[in-house]
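The values are calculated or read from the model by the stated rules, or taken from the named source; none is laboratory data. All values derive from a computational prediction rather than experimental measurement. Methodologically, a virtual Cβ is constructed for each residue, glycine included, from the backbone with ideal geometry; neighbour enumeration extends over all protein chains shown.
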Amino acid sequence: MTSLNQYNYPDQHGHFGPYGGLFVAETLMQPLEELNRAYQKYLSDAEFLAELDADLQAYVGRPSPLYHARHWSQLIGGAQIYLKREDLNHTGAHKVNNTVGQALLASRMGKTRIIAETGAGQHGVATATVAARLGLECVVYMGAVDVERQKQNVYRMKLLGASVVPVESGSKTLKDALNEAMRDWVTNVDDTFYIIGTVAGPHPYPALVRDFQAVIGREARQQIQDLTQRLPDALVACVGGGSNAIGLFYPFIADDDVAMYGVEAAGEGIETGRHSAPLCAGRPGVLHGNRTYLMEDDNGQIQEAHSISAGLDYPGVGPEHAWLKDLGRVNYVNVTNQEALQAFHTLTRKEGIIPALESSHALAYAAKLAATMRPDQSVLVNLSGRGDKDMHTVAKVDGINL
Amino acid sequence: MSRLHDTFQQLKDNHKKALIPYITAGDPSPFMTVPLMHEMVAAGSDIIELGVPFSDPMADGPTIQRASERALQHAIGLRDVLSMVEQFREQNSQTPIVLMGYLNPIEVMGYETFARLAAESGVDGVLIVDMPPEETGALTGYLKANQLDMIFLLAPNSTSERIEKVVSIASGYLYYVSLKGVTGAGHLDLDSVDQKMQQIRSMTDMPVGVGFGVKNSETAQSIGRLADGVVIGSALIERIESCLDTPESAIPAVSELLKSIRTGLDSI
């Protein structure tokens with residue numbers, strides 16, 4: 001692999017090599033240009049960044065700790081595993097890093113209404129949270145199927161003052177919620193800011209969301225050096241849309257000696273077709289405003305994704321991941337529902353940390369990887385969220401009805 | 001010159017406006033599409049926009065989404081749509097056909113193959129909703145090489161710079177989206193359409209069709225006064241939708257609506 005010292009993506013048109021871009025209808029071109037101008041302006045504006053930092057500290061609870069999972073590492077008997085504790089953030093996941101940032105941007109742009117899409121409800125909750133704090137009207141689109149299986153998050157959003165709109169079209173899941181949010185935006189472009197929850201969508205979203213999430217990797221890079229006096233040997237993060245993974249990976253891209261693993265959801269197994277692994281088993285196409293790897297049929301229709309973890313249940317992936325795959329900089333791998341559940345239980349019992357099912361995918365792969373490494377080596381895993389929201393799902397697998 | 005160019009030229013010579021109906025191929029069933037197309041021509045349509053079904057029609061309102069879903073229940077893909085056009089051409093060599101849809105089915109087929117097969121089937125133009133001029137890449141060359149027109153959208157918030165960019169690459173006609181929103185949305189603001197049309201006219205001689213929000217003879221007439229043609233989609237699909245129990249009755253229902261719009265347009 002060639003050194004990526006010069007890595008500087010996207011280009012000015014929002015392209016990551018052949019991926020990314022701006023594949024939207026004409027009515028969205030002007031608002032996306034407006035958003036891009038604001039993004040360019042404020043992400044180098046000292047006052048904006050200071051306000052963002054203050055919010056990340058006092059409201060989100062940053063920096064999130066880096067925890068050496070000694071007991072689990074010992075059990076595995078390989079490399080030392082370090083967990084970046086994004087599960088300790090306000091609202092319980094990394095999602096809030098981005099919503100705090102985008103909401104601040106929305107206020108600067110004079111927008112009074114916030115919309116968002118959500119799958120499991122984590123991004124919806126994180127958006128409703130910041131909207132409540134800033135006094136902005138908030139509408140969250142959520143697939144009708146997800147509304148049914150994530151009732152608790154729906155209620156949380158309502159408590160926070162958001163309206164939750166169940167989306168009845170298509171497969172009634174995350175991808176359809178995204179379609180519907182785009183339709184809302186195109187209709188209400190003048191006063192509405194669309195807070196996309198992952199590093200997908202049209203330019204500048206993949207770059208914008210990455211830049212708000214990169215705080216994860218910046219902190220982790222410093223923390224691991226403070227703890228071990230060196231960089232980690234490997235980074236591991238789960239990939240649905242890919243925001244927590246990009247957030248961790250991005251500040252390490254030029255560190256050639258740090259291996260990176262993005263873990264997709266293999267669901268019931270790649271070979272069954274019931275998975276959420278476009279990078280491992282899909283092919284390039286265009287959806288939701290960007291070119292990237294997709295799960296699609298021979299007619300170019302988007303297929304339904306499957307995973308026990310609702311947050312990984314998306315048939316596309318951020319375009320920067322597509323490019324990092326093609327460049328060979330990140331290894332994209334996958335683990336099944338079963339493997340993720342096993343890691344979920346192990347971490348809970350060995351470290352007293354209940355991880356989100358999304359993050360459990362990263363943990364499952366990290367365990368396999370660490371086992372092949374020496375005890376003087378280290379693996380840094382992004383523990384992107386806490387598992388409280390998954391109690392019903394896990395209990396159901398265990399045959400318990402809560 | 002292209003069939004689209006000739007059609008607009010003739011209409012202009014006869015002081016008539018283009019009636020441009022949209023249906024989704026395969027809705028309500030694959031066997032209905034070609035008969036519907038012939039009937040639309042018989043009812044006075046000048047150009048047909050034929051929708052290629054897509055699983056994620058981001059720019060469409062609920063009506064056209066449902067049409068896409070019905071077509072997908074029959075697993076209608078781009079190749080099926082092209083063979084419908086081929087079948088239509090067996091009896092009609094005059095009426096231009098514009099494929100309207102999203103990029104991904106074309107990406108999967110491959111740009112070069114698509115352009116060649118579309119031209120062979122008798123397609124005249126292509127309108128890809130989620131492909132602005134900035135992202136056309138190699139497709140432009142392949143479409144040009146196959147004499148296919150590339151139709152683009154313009155919107156109420158398109159700036160002068162954007163109109164210029166679109167005009168520089170578009171051919172056949174321009175499709176002005178009369179309101180900010182998705183297909184089938186409500187209210188028309190004629191004053192704003194009028195203003196925007198003047199801006200567009202000052203920058204190009206290309207014909208302009210206006211769509212989104214055209215529902216009946218009256219709205220078609222008011223829009224027709226400002227444009228070279230009117231596009232009607234969701235209102236037609238609603239007619240088809242009201243006939244799902246007896247799909248054949250969609251043909252006279254569609255015909256009736258188009259005839260009344262034709263009469264309206266001709267009395268401008």
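A few remarks follow.
- From A:D176, A:D190, residue being within 11 Å of chain B (Cβ to nearest Cβ), farther than 17 Å from B:M58 by Cα and modelled with pLDDT under 95: A:D190
- Looking only at residues in region A:107-121 that are of a type outside the set (D, E, K, R), surrounded by fewer than 24 Cβ atoms within 10 Å (Cβ to Cβ) and in contact with a strand residue (DSSP E or B) (Cβ under 7 Å, 6 or more places away or on another chain), the one that is nearest to A:A214 (Cα to Cα) is A:M109.
- Across region B:5-36, the qualifying residues are those that are of a type in the set (A, V, I, L, M) and closer than 30 Å to B:S249 by Cα, and the one among them that is surrounded by the most Cβ atoms within 10 Å (Cβ to Cβ) is B:A25.
- Among the residues of region B:45-57, none qualifies, meaning not one is buried (at least 24 other Cβ atoms within 10 Å of the Cβ), over 13 Å from the mean Cα position of the chain (by Cα) and away from chain A (no Cβ under 14 Å).
- When region A:18-51 is filtered for residues that are of a type in the set (G, A, S) and either in contact with a Pro (Cβ under 9 Å, 6 or more places away or on another chain) or within 17 Å of A:W185 (Cβ to Cβ) (or both), the ones remaining, listed by number, are A:G20, A:G21, A:A25, A:A38.
- Here B:S93, B:S45 are screened, and the one residue that is modelled with pLDDT of 95 or more and closer than 22 Å to B:Y175 by Cβ is B:S45.
Yes or no, residue by residue, for (1) away from chain A (no Cβ under 11 Å); (2) in contact with a strand residue (DSSP E or B) (Cβ under 6 Å, 6 or more places away or on another chain):
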site	(1), (2)
B:A155	no, yes
B:R162	no, no
B:V166	no, yes
B:I169	yes, no
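Each row is one residue, and each column tells you yes or no for (1) surrounded by fewer than 24 Cβ atoms within 10 Å (Cβ to Cβ); (2) under 22 Å from A:Q122 (Cα atoms).
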{"position": "A:G267", "(1), (2)": "no, yes"}
{"position": "A:I270", "(1), (2)": "yes, no"}
{"position": "A:A305", "(1), (2)": "no, yes"}
{"position": "A:A310", "(1), (2)": "no, yes"}
{"position": "A:L324", "(1), (2)": "no, no"}
{"position": "A:K350", "(1), (2)": "yes, no"}
{"position": "A:I353", "(1), (2)": "yes, yes"}
{"position": "A:E358", "(1), (2)": "no, yes"}
{"position": "A:A371", "(1), (2)": "yes, no"}
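- Test result for A:G124, closer than 20 Å to A:G387 by Cβ, among the small types (G, A, S) and at pLDDT 95 or above: yes
- Filtered residue count, region A:124-158, keeping only those that are within 25 Å of A:R108 (Cα to Cα) and either out of contact with any strand residue (DSSP E or B) (no Cβ under 6 Å at 6 or more places or on another chain) or of a type in the set (A, V, I, L, M, F, W, C) (or both): 15
- The set of residues in region A:261-307 being away from every other protein chain (no Cβ under 14 Å) and either among the hydroxyl-bearing types (S, T, Y) or assigned to a strand (DSSP E or B) (or both) consists of A:Y261, A:G262, A:V263, A:E264, A:A265, A:A266, A:G267, A:T272, A:S276, A:S307.
- Residue check, A:Y250 among the hydroxyl-bearing types (S, T, Y) and either over 19 Å from A:G318 (Cα atoms) or out of contact with any strand residue (DSSP E or B) (no Cβ under 8 Å at 6 or more places or on another chain) (or both): yes
- Residues being buried (at least 24 other Cβ atoms within 10 Å of the Cβ) and out of contact with any His (no Cβ under 6 Å at 6 or more places or on another chain) - total across region A:240-251: 8
- If the condition is being surrounded by 20 or more Cβ atoms within 10 Å (Cβ to Cβ), within 12 Å of chain A (Cβ to nearest Cβ) and not polar (S, T, N, Q), then region B:98-121 contributes B:M100, B:G101, B:Y102, B:L103, B:P105, B:I106, B:E107, B:V108, B:M109, B:F114.
- For region A:113-129, a residue qualifies if it is in contact with a Leu (Cβ under 8 Å, 6 or more places away or on another chain) and touching a residue at least 60 places away in the same chain (Cβ under 8 Å), and the qualifying residues are A:R113, A:I114, A:E117, A:T118, A:G119.
- Taking the listed residues A:L56, A:L43, the one that is surrounded by fewer than 21 Cβ atoms within 10 Å (Cβ to Cβ) and either closer than 30 Å to B:L179 by Cβ or of a type in the set (A, V, I, L, M) (or both) is A:L43, with no other qualifying.
- Only a single item in (1) at pLDDT below 95; (2) farther than 30 Å from A:A259 by Cβ is not met by A:N5, and it is number (2).
- Those residues of region A:128-153 which are of a type in the set (A, V, I, L, M) and farther than 20 Å from A:A103 by Cα, in sequence order: A:A144, A:V145, A:V147
- When the helices (runs of 4 or more DSSP H) confined to region B:52-148 are screened for residues that are of a type in the set (D, E, K, R), those reaching at least 3 such residues are found at B:62-73, B:78-89, B:111-121.
- Those residues of region A:232-256 which are outside any helix (DSSP H, G or I) and either within 8 Å of the chain's Cα centre (by Cα) or closer than 19 Å to A:R85 by Cβ (or both), in sequence order: A:P232, A:A234, A:L235, A:V236, A:A237, A:C238, A:V239, A:G240, A:G241, A:G242
- In summary, B:L82 fulfils each of the numbered conditions (1) within 16 Å of B:A119 (Cα to Cα); (2) within 13 Å of another protein chain (Cβ to nearest Cβ); (3) in contact (Cβ under 8 Å) with a residue 40 or more places away in the chain; (4) surrounded by fewer than 17 Cβ atoms within 10 Å (Cβ to Cβ) with the single exception of condition (4).
- When A:T198 is tested against the conditions (1) part of a helix (DSSP H, G or I); (2) within 16 Å of the chain's Cα centre (by Cα); (3) more than 14 Å from chain B (Cβ to nearest Cβ), the lone failure is (1).
- Test: residue in region B:175-185 that is at pLDDT 95 or above and more than 11 Å from chain A (Cβ to nearest Cβ): no
- Flag if A:I253 is touching a residue at least 12 places away in the same chain (Cβ under 8 Å), within 14 Å of chain B (Cβ to nearest Cβ), of a type in the set (V, I, T) and touching a Lys or Arg at 6+ places or on another chain (Cβ under 9 Å): no
- A:Q342 meets the conditions (1) under 22 Å from B:E69 (Cβ atoms); (2) of a type outside the set (A, V, I, L, M, F, W, C); (3) without any contact (Cβ under 8 Å) to a residue 24 or more places away in the chain; (4) touching a helix residue (DSSP H, G or I) at 6+ places or on another chain (Cβ under 7 Å) in every case but one. The failed one is (1).
- Criterion (touching a Pro at 6+ places or on another chain (Cβ under 7 Å) and either away from every other protein chain (no Cβ under 14 Å) or in contact (Cβ under 8 Å) with a residue 60 or more places away in the chain (or both)) met by exactly one of B:D194, B:D124, B:D130: B:D124
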